[in-house]
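One structure is given here, and the rest of the page talks about it.
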Amino acid sequence: MTCKIRLSACGVHLFDRTSGMNVLLDEVPVAAEQFSPAPRYLSVALTNACELHCLYCYAPKHAAALNPQNVLAWAVELDAAGCLGVGFGGGEPTAYRRFSQLCSDITQSTSMAVTFTTHGHRLTPDFTESLRGAVHFVRLSVDGIGPTYERLRGKPFASVVRAASLLASLAPFGINTVVNAGTVDELDDVARFAADVGASELLLLPEQPTASTPGISEVDARRLVEWVSTPRAGVRLAISRTGLEAALPVAEALPGEHPLDAHMHVDATGILRPHAYASAGTPVGASIMDAVQALRGAR
Ligand code: SF4
């Protein structure tokens with residue numbers, strides 16, 4: 001096992017992408033000039049393309065895609081600056097040409113974890129095989145079960161069940177669920193589904209407002225908090241940073257970590273943003289670390 005080391009105000013962080021092990025030596029003081037300059041994690045929208053039409057999708061609808069050579073160069077630069085992982089999304093990352101090759105190139109050229117979030121409907125046995133050894137964790141989007149899923153995602157539920165079974169043979173994976181009026185009543189079923197298919201985590205994503213939807217209502221948000229607060233066995237829970245987590249007993253892995261040290265996002269036009277919902281950012285030029293510093297300077 002080869003651990004990657006990241007230094008920050010939180011201490012010395014050891015990470016192994018193969019096992020997913022994280023160890024924080026928070027009793028070890030680190031001088032500010034030794035802090036790893038890269039964000040701990042970068043999410044990347046490789047493309048805006050996606051054949052689904054989820055009402056609550058926040059991905060821009062204009063055509064855009066990143067150059068794979070640029071993405072690889074950014075990954076190498078971030079790796080040297082202490083970034084621990086890159087996560088691909090979109091749009092739908094599996095709709096990106098040369099997706100498997102890009103994942104493989106980054107895994108070969110860096111010690112970062114390579115992950116992606118997918119609707120799963122493009123996964124075939126051959127495509128899944130092409131990702132073997134190239135990715136370390138996958139997130140599969142499953143909003144509700146059976147007819148609820150089919151109404152929200154417009155695809156057969158059986159197809160996403162097949163995708164879960166393919167992913168189970170590929171790498172550790174989690175289930176992502178957008179929580180809204182249509183899914184909040186099915187969280188027990190979704191958690192059971194996640195456990196049954198062998199997922200290691202259920203990530204709850206309270207629906208965010210978009211041009212087409214108002215986001216999760218206060219009533220449904222309260223129901224989500226109640227559901228999470230009820231102890232249950234089974235799959236580990238996680239929740240996106242949308243404000244709701246403040247009402248929950250969430251474990252802070254790196255207490256006090258600044259949001260821009262934790263995570264940044266590159267959209268499909270090459271703009272570096274604090275997160276995927278942020279309205280402003282800075283274009284990435286030849287060096288992504290220059291853009292990281294520019295974004296930090298603007299805070
Ligand atoms: S699958 Fe994801 S990217 Fe595609 S439309 Fe739905 S939310 Fe948007």
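Just so you know, all these numbers are worked out from the coordinates, no wet-lab data involved. Because the structure is a prediction, the values reported are computed rather than measured. Cβ: placed from backbone, ideal geometry, glycine included. Neighbour counts: every protein chain shown.
Miscellaneous remarks
- When SER43 is tested against the conditions (1) over 20 Å from PRO259 (Cα atoms); (2) in contact with a Gly (Cβ under 7 Å, 6 or more places away or on another chain); (3) not aliphatic (A, V, I, L, M), the lone failure is (1).
- Any hit, the range 155-172, residues being touching a Phe, Trp or Tyr at 6+ places or on another chain (Cβ under 9 Å), within 14 Å of the ligand (Cβ to nearest atom), touching a residue at least 12 places away in the same chain (Cβ under 8 Å) and not aliphatic (A, V, I, L, M): yes
- LEU203 vs. criteria touching a residue at least 40 places away in the same chain (Cβ under 8 Å), farther than 13 Å from ASN180 by Cα and not small (Gly, Ala, Ser): yes
- For ALA64: the one exception among (1) small (Gly, Ala, Ser); (2) more than 15 Å from the ligand (Cβ to nearest atom); (3) more than 17 Å from the chain's Cα centre (by Cα): (2)
- For the range 131-142, a residue qualifies if it is within 16 Å of the ligand (Cβ to nearest atom) and touching a residue at least 60 places away in the same chain (Cβ under 8 Å), and exactly one does: ARG139.
- Test: residue in the range 32-52 that is within 16 Å of the ligand (Cβ to nearest atom), hydrophobic (A, V, I, L, M, F, W, C) and more than 27 Å from ILE106 (Cα to Cα): yes
- Where strands (runs of 3 or more DSSP E) fall entirely within the range 2-97, those with at least 1 residues that are among the β-branched types (Val, Ile, Thr) and under 15 Å from ALA276 (Cα atoms) are at 41-45, 85-89.
- Of all residues in the range 68-95, those that are under 14 Å from LEU46 (Cα atoms) have Cβ atoms under 7 Å from Cβ atoms of residues that are away from the ligand (no atom under 14 Å from the Cβ) and part of a strand (DSSP E or B), 6 or more apart or on another chain, in ALA75/VAL86; VAL86/LEU42; VAL86/VAL114; GLY87/TYR41; GLY87/THR115.
- Qualifying residue in the range 90-97 (condition: of a type in the set (Asp, Glu) and in contact with a helix residue (DSSP H, G or I) (Cβ under 6 Å, 6 or more places away or on another chain)): no
- Residues satisfying the stated conditions in the range 116-127, i.e. within 16 Å of ARG98 (Cβ to Cβ) and surrounded by fewer than 21 Cβ atoms within 10 Å (Cβ to Cβ): ARG122, ASP126, PHE127
- Pairing each residue of the range 10-36 that is closer than 30 Å to PHE173 by Cα and in contact (Cβ under 8 Å) with a residue 60 or more places away in the chain with any residue that is polar (S, T, N, Q) and part of a loop (DSSP other than H, G, I, E, B), provided the two are 6+ apart or on different chains, yields C-beta distances under 7 Å for ARG17/SER111.
- Of all residue pairs spaced 6 or more apart or on separate chains, those with beta-carbon atoms under 7 Å, a first member in the range 280-299 that is closer than 17 Å to TRP74 by Cα and a second member that is of a type in the set (D, E, K, R) are GLY281/ARG273; SER287/GLU77; ILE288/GLU77; MET289/GLU77.
- Search result, residues across the range 182-191 that are without any contact (Cβ under 8 Å) to a residue 40 or more places away in the chain and not in a helix (DSSP H, G or I): GLY182
- One residue alone among THR148, THR128, THR115 is in contact with a Gly (Cβ under 8 Å, 6 or more places away or on another chain), in a helix (DSSP H, G or I), closer than 26 Å to VAL197 by Cα and away from the ligand (no atom under 13 Å from the Cβ), and that residue is THR148.
- Selection from the range 151-181 of residues that are over 26 Å from SER217 (Cβ atoms) and part of a strand (DSSP E or B): PHE173
- Highlighted here are the helices (runs of 4 or more DSSP H) found entirely within the range 192-299 that include at least 2 residues which are over 20 Å from the mean Cα position of the chain (by Cα): 218-229, 288-297.
- Residue match in the range 99-109 (condition: in a loop (DSSP other than H, G, I, E, B) and of a type in the set (Ser, Thr, Tyr)): no
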